[in-house]
Each structure stands twice: as C-alpha cells, then as structure tokens.
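K.L.:
Can you keep this structure in mind? I'll have questions shortly.
The values are calculated or read from the model by the stated rules, or taken from the named source; none is laboratory data. Since the structure is predicted, the reported quantities are computational estimates derived from the model, not experimental observations. Quick reminder, even Gly has a Cβ in these numbers, built from the backbone with ideal geometry, and neighbours come from all protein chains shown. Keep in mind that these areas ignore ligands, DNA and RNA; they rest on the heavy atoms of the full protein, side chains included. Shrake-Rupley method; radii C 1.70, N 1.55, O 1.52, S 1.80 Å.
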Amino acid sequence: MKELFKKIKASQLWRSMFRHGYEDSFRNRALQITTNVALHLHPVTTSLLGSRIRHTFCLGGIALFLFIVECITGILLMFYYRPVIEFAYLDMKLLQYDVHYGMILRNIHRWAAHAMVVVVMFHMLRVFLTGSYKPPREFNWVIGVGLLVLTLLLSFTGYLLPWDQLAFWAITVASNMAAATPFLGCEGPFRELFGITQYNDMKFLLLGDSEVGANALLRFYVLHCAALPLVAAVLMAVHFWRIRKDGGISRPL
Ligand code: HEM
C-alpha cells in the first residue's frame, strides 16, 4: 500500500495538481496552502485563540455548511418542481409521496433553512459579544448584515413555493405589509409624494401583480433559486476574504 501511495505521489498527474510535498517545515507548510486552490481559502497561519472552538463556536462555518446543504438539496428539488400554479402544489406532493427519498430531501431543505436563520443570528451575537465588529472589522460587519438580510429573504421567498394554503396566505399578509410601507406602499403614509398607486408600489414590485398569483410564484422562484443565492455567494466570498485581510479571527489587543 505504501508503495502504491509513493507511486501515485510521484506521478506527473499528482505533481501537476499538488506542487509541494509535505516535508514538515514552515516554508513547505505555507507553500502547501498557497499553491492549492481549496486550501488557499484558509490563511497560512491562525492565532491560537482564533482556532479555539469556544471563541467562535464555528458558527460562521456552520452557517456556510448549511448554505451549501441548501444549495445541494435545492438543486435536487428543482428537478421535480415546476413554478406554475397548475403544478407547484402537486409537484411537492408527488415529491413527498412518490419519489424515493423525496420526503427526506424536502425536509432536509426545510430544516437546514430554519437552522441557518438561527445559526446566523447566533453568529452575529458571538461577533457582537467578542467585540469583533470594531475596527478594522466594521466593513465586514456591514457585509454580515447584508448576509443576514439575504438569509431572511431566502427563507421568505422559499415560503411561497409549495403553493399551499400556508404559503399563499403568509405571502398575502407579508405583501400587504409591503403595501403599507411609508413613501413606497400604496396604502402607506406619504405615498402621494412619489405618486405611488397600487400599480407601481412595493407590493406590485414584489408580486408582479396587485395580488398573489402566477407572476408572484415565478418572481419568488427566480429570486429563491438564482438571484438571491448568487448574491449571497458573492457576499460570502467577500466576507471570508475580509476576515483574512483584517488579520484573521479577532483576538484581544
Ligand atoms: C450567511 C451568513 C454568514 C456566514 C456564512 C458567515 C461566515 C463567517 C465565518 C466562517 C466567519 C469566521 C469565524 C466563525 O466561524 O465564526 C465569520 C466571521 C465574521 N462574521 Fe460572519 N457569516 C455570516 C453572517 C454574518 C453576520 C450576520 C454578521 C454580523 C452582522 C457577521 C459578521 C462577521 C464578522 C465581523 C466576522 C469576523 C469575526 C472575527 O474576526 O472574530 N457575519 N463569518
């Protein structure tokens, strides 16, 4: 077995991907990380405190893990779901009762979404309690707030997709709240300042119509499956990059 590993490691294919063997020196350890696409996402060195589980509880990492679970299960769900009002509800029932592992797939997606909301909030609390929002990390805090809003919007847009009674009425209530937004809602205060009517207000923008229907379902589907995850992934990349540029995980001065 050892011989086989040696042969693999000496092959041109292996050496074209992994440029440095792991001889245990500081230089080689650093090179190992900076020359590998997956490993270079990590910093070359970390502080001892930053790597202690009780400093971060790995809450940010768990949030990332849950986001990846959502993406994978979400893509699998897309194979069975059509965002049109004739089929949306039936497709979900078919998935649950006729597709092998359909029920568990749907439930993993649902529970991971709930867990992500809770974990992101706890992550934010941890960052606040350790004072990690202070300079130079204040910009990363702002990126984090963007990620929190996106996490909530992902849950909100996913809510309508099963097209059952709960989904329909929850979005009806939420979109009526949008109609009551000051300045931008057709029932909100100061609406006349911008000439807002029921055909150009926040609710109309959200639903693509003045009530929940086919346009709303399509809009929520596109937001939920493409637009919001894409923006979240970009913001996460910036978030992780900033952690490194701000000197790694925070620690007392
Ligand atoms: C989808 C949401 C989020 C993900 C995936 C995420 C991910 C991460 C990860 C992996 C870390 C490294 C430390 C750790 O694991 O705790 C981190 C640190 C950090 N996060 Fe987040 N985060 C998210 C949301 C937020 C929110 C809502 C805030 C605050 C409003 C925030 C602010 C920060 C700050 C300031 C740091 C640096 C902390 C330090 O240096 O100790 N993040 N984040």
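K.L.:
Springs between alpha-carbon atoms under 10 Å, Gaussian network over the chain: tell me which of Phe79, Phe128, Phe57 tops the mean-square fluctuations.
P.N.:
Among Phe79, Phe128, Phe57, the largest GNM mean-square fluctuation belongs to Phe79.
K.L.:
Take the alpha carbon gyration tensor of the stretch 33-76, find the square roots of its eigenvalues, order them as a ≥ b ≥ c, and report rounded if a/c is under 1.5; if not, report prolate when a/b exceeds b/c, else oblate.
P.N.:
oblate
K.L.:
Would you mind working out the magnitude of the charge dipole of the stretch 59-245 relative to its Cα centre, with +1 at each Lys and Arg C-beta and -1 at each Asp and Glu C-beta, to the nearest 20 Debye?
P.N.:
920 debye
K.L.:
Mind listing the phi-derived Karplus ³J(HN,Hα) values for the stretch 39-53, rounded to whole Hz, using 6.51, -1.76 and 1.60 with θ = phi - 60°, and x for any glycine or proline?
P.N.:
Per-residue couplings from phi come out as 6, 6, 5, 8, x, 5, 10, 10, 6, 4, 5, x, 8, 6, 4 Hz.
K.L.:
Would you kindly find the accessible area of Arg242, with a 1.4 Å probe and non-protein molecules such as ligands, DNA and RNA excluded, rounding to the nearest 10 Å²?
P.N.:
For Arg242, the solvent-accessible surface is approximately 60 Å².
K.L.:
Below 8 Å between Cα atoms, with a sequence gap of 6+, how large is the relative contact order for the chain in percent?
P.N.:
17 percent
K.L.:
Related question: Given the -39500 (n - 2.57) contribution per DSSP H run of 4+ residues, what per-residue ellipticity at 222 nm results for the chain, rounded to the nearest 500 deg cm²/dmol?
P.N.:
Roughly -20000 deg cm²/dmol at 222 nm, from the helical runs in the chain.
K.L.:
Please give the Cα centre distance for the stretch 190-253 versus the stretch 75-140, rounded to the nearest Å.
P.N.:
The distance from the Cα centre of the stretch 190-253 to that of the stretch 75-140 comes to 15 Å.
K.L.:
How many times 2.2 N^0.38 Å is the alpha carbon radius of gyration of the stretch 59-245?
P.N.:
That works out to 1.15 for the stretch 59-245.
K.L.:
Taking a probe of 1.4 Å, how large is the accessible area per residue of the chain, in Å²?
P.N.:
Per-residue value: 67 Å².
K.L.:
Expressed as an acute angle from 0 to 90° and rounded to the nearest 10, what is the orientation of the C-alpha long axis of helix 228-245 relative to the principal long axis of the chain?
P.N.:
Helix 228-245 sits at roughly 40 degrees to that axis.
K.L.:
How charged is the neighbourhood of Val84? Take every other residue with its Cβ under 14 Å from the Cβ of Val84, and add Lys/Arg as +1 and Asp/Glu as -1.
P.N.:
Net charge around Val84: 0.
K.L.:
Rounded to a whole number, what % of the accessible area of the chain do carbon and sulfur atoms account for, probe 1.4 Å?
P.N.:
70 percent
K.L.:
Now for a separate question. Can you check what the net charge comes to around Gly74, using other residues whose Cβ is under 13 Å from the Cβ of Gly74 (Lys, Arg +1; Asp, Glu -1)?
P.N.:
Residues near Gly74 contribute +1 overall.
K.L.:
Enter the accessible area of Met177 (Å², nearest 10), with the probe set to 1.4 Å and all protein chains included.
P.N.:
Counting only protein heavy atoms, Met177 exposes about 130 Å² to solvent.
K.L.:
Quick one: order Lys134, Lys93 from most to least accessible surface, probe 1.4 Å.
P.N.:
So the residues, ranked largest to smallest area, are Lys134, Lys93.
K.L.:
Also: Using θ = phi - 60° and the Karplus form 6.51 cos²θ - 1.76 cosθ + 1.60, what ³J(HN,Hα) does each residue of the stretch 219-225 get, whole Hz, x for Gly and Pro?
P.N.:
Those phi angles translate into 4, 5, 5, 5, 4, 5, 9 Hz.
K.L.:
Report, in debye and to the nearest 20, how large the dipole of the stretch 1-105 comes out about its Cα centre when Lys and Arg carry +1 and Asp and Glu carry -1 on their Cβ.
P.N.:
740 debye
K.L.:
Continuing with the same structure: Which one, Ala63, Val118, Leu184, is farthest towards the positive end of the dipole of the chain when Lys and Arg carry +1 and Asp and Glu -1 on their Cβ?
P.N.:
Ala63
K.L.:
Per Stokes-Einstein, at 25 °C and 0.890 mPa s, what whole-number D in µm² s⁻¹ belongs to the stretch 98-189, with the Kirkwood radius over Cα pairs as the hydrodynamic radius?
P.N.:
Estimated diffusion coefficient is 154 µm²/s.
K.L.:
Determine the sum of side-chain charges near Met1: Lys and Arg each +1, Asp and Glu each -1, restricted to other residues whose C-beta is under 15 angstrom from that of Met1.
P.N.:
The answer is +3.
K.L.:
Continuing with this model, one more query. Per residue of the stretch 181-193, in order, report the coupling 6.51 cos²θ - 1.76 cosθ + 1.60 (Karplus, θ = phi - 60°) as ³J(HN,Hα) in whole Hz, putting x for Gly and Pro.
P.N.:
For the stretch 181-193, the Karplus curve yields 5, x, 6, 10, x, 5, 10, x, x, 6, 4, 5, 4 Hz.
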